[in-house]
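A short write-up of the structure that comes next.
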Amino acid sequence: MFSCALLVGLLVLYIIWDVNYFLRCVVTLGYGMLFQRKRKVTDQTTIYSLCTTQDVDIFIRHMNNARYLRELDFARFHFYGLTGIYGKIKAKRGGAVQGASSVRYRRTIPIFNAYKITTKLVWWDEKAIYLEQQFVTLGDGFVRAVAMSKQCITNVNVVELMKEFPGAEQRPPMPEELKLWLDSIETSSQKLRKDK
């Protein structure tokens, strides 16, 4: 009787919560922390995955667009863990939240194809760090999608924080595509302010 109730309880939990998401977070972070060497904040990090039947769109041929964003979460958490940046943010009683993202899809990731996601810090200002992430299929090395994201860091001056990381004492030049993307975000924000 108890085992049946436990099974039903687990099934309900699995239906109500996205258990796979949380398990994947734990596995990705745990593997990185236990089996991979720490990286400098200026280094690129990489995670690996496979497009499965849970990732595909209605035609069951390639990865669903929404899954790209989900996979970027895992790669971002992995980057935070291996570089130690999130630990320093938390030590200063700060937090990190996704402020904006943009994904450019170049070619689909077919079902049952292995791929990697690379993550690198490309720039920062007083309030945010900016990451570039790429989906690269392992079979051909083709960059299938490129994402830019703005990670807003709360309660911490990011320029001062970055000075604590070797190799990040000086901010690199802002990449041109990032500048154009930030200009687009500001234009959108101005438009929304006018509509009020």
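Each part reduced to its alpha carbon centroid, the range 53-69 and the range 134-196 end up 25 Å apart. For the chain, the solvent-accessible area of protein heavy atoms averages 61 Å² per residue (probe radius 1.4 Å; ligands and nucleic acids excluded). For the range 9-176, a simple Cβ point-charge model (Lys and Arg +1, Asp and Glu -1, everything else neutral) yields a dipole of about 200 debye relative to the Cα centre. Going through the DSSP H helices of the chain, which span 15 Å or more along their own axis at the Cα atoms while scoring at least 0.0 as a mean Kyte-Doolittle hydropathy? Length and hydropathy pass: 2-16, 19-35. At full extension, R61 and I185 could sit 41.4 nm farther apart than now, given 0.36 nm per residue minus the alpha carbon distance. If R0 is taken as 22 Å, the Cβ-Cβ distance between L11 and R70 corresponds to a FRET efficiency of 0.45.
With the chain treated as a Gaussian network of Cα nodes joined by springs under 10 Å, which of K92, K120, K179 yields the largest mean-square fluctuation? Of K92, K120, K179, the most mobile in the Gaussian network model is K179.
Under the combined filter of DSSP loop state and at most 12 neighbouring Cβ atoms within 10 Å, the range 64-153 retains these GluC sites (Glu not before Pro): E126. In the chain, the calculated helix contribution to ellipticity at 222 nm averages -13500 deg cm²/dmol per residue, counting -39,500 (n - 2.57) for every DSSP H run with n ≥ 4. Stretch L192-T53 to full length: gain in nm at 0.36 nm per residue minus the Cα-Cα span? Computed gain between L192 and T53 is 46.2 nm.
Of the residues C25, C51, ranked by 1.4 Å probe accessible area with the largest first, the sequence reads C25, C51. Considering the dipole of the range 9-176 built from charges on the beta carbon (Lys and Arg +1, Asp and Glu -1) around the Cα centre, which of Y21, P166, H62 is farthest to its positive end? My answer, from the dipole projection, is P166.
For a straight C-alpha distance cut-off of 25 angstrom, the lysines reachable from K120 (same-chain residues fewer than eight places away being disregarded) are K38, K40, K88, K90, K92, K150, K163, K179. Approximating the spin labels as points 7 Å out from Cα along Cα→Cβ, the S3-to-N155 distance works out to 4.7 nm. On the beta carbon distance between R37 and F165, with R0 = 22 Å, the FRET formula returns roughly 0.90.
What is the range 1-94 by shape, rounded, prolate or oblate, if you read a ≥ b ≥ c off the alpha carbon gyration tensor as root eigenvalues and call it rounded for a/c under 1.5, prolate for a/b larger than b/c, and oblate otherwise? Since a/c reaches 1.5 but b/c is at least a/b, the shape of the range 1-94 is classed as oblate. Short-range pairs are left out: with C-alpha atoms under 8 Å and at least six residues apart, the relative contact order of the range 9-176 is 24 percent. The rule of thumb for compact globular proteins, 2.2 N^0.38 Å, goes into the C-alpha radius of gyration of the chain 1.16 times.
The values are calculated or read from the model by the stated rules, or taken from the named source; none is laboratory data. The structure presented is a predicted model; accordingly, all values stated were derived computationally and were not measured. FYI the Cβ positions are ideal-geometry reconstructions off the backbone, even for glycines, and counts take in every protein chain you see. When the accessible area is computed, the model is the full protein with side chains, heavy atoms only, and any ligands, DNA or RNA have been set aside. Shrake-Rupley method; radii C 1.70, N 1.55, O 1.52, S 1.80 Å.
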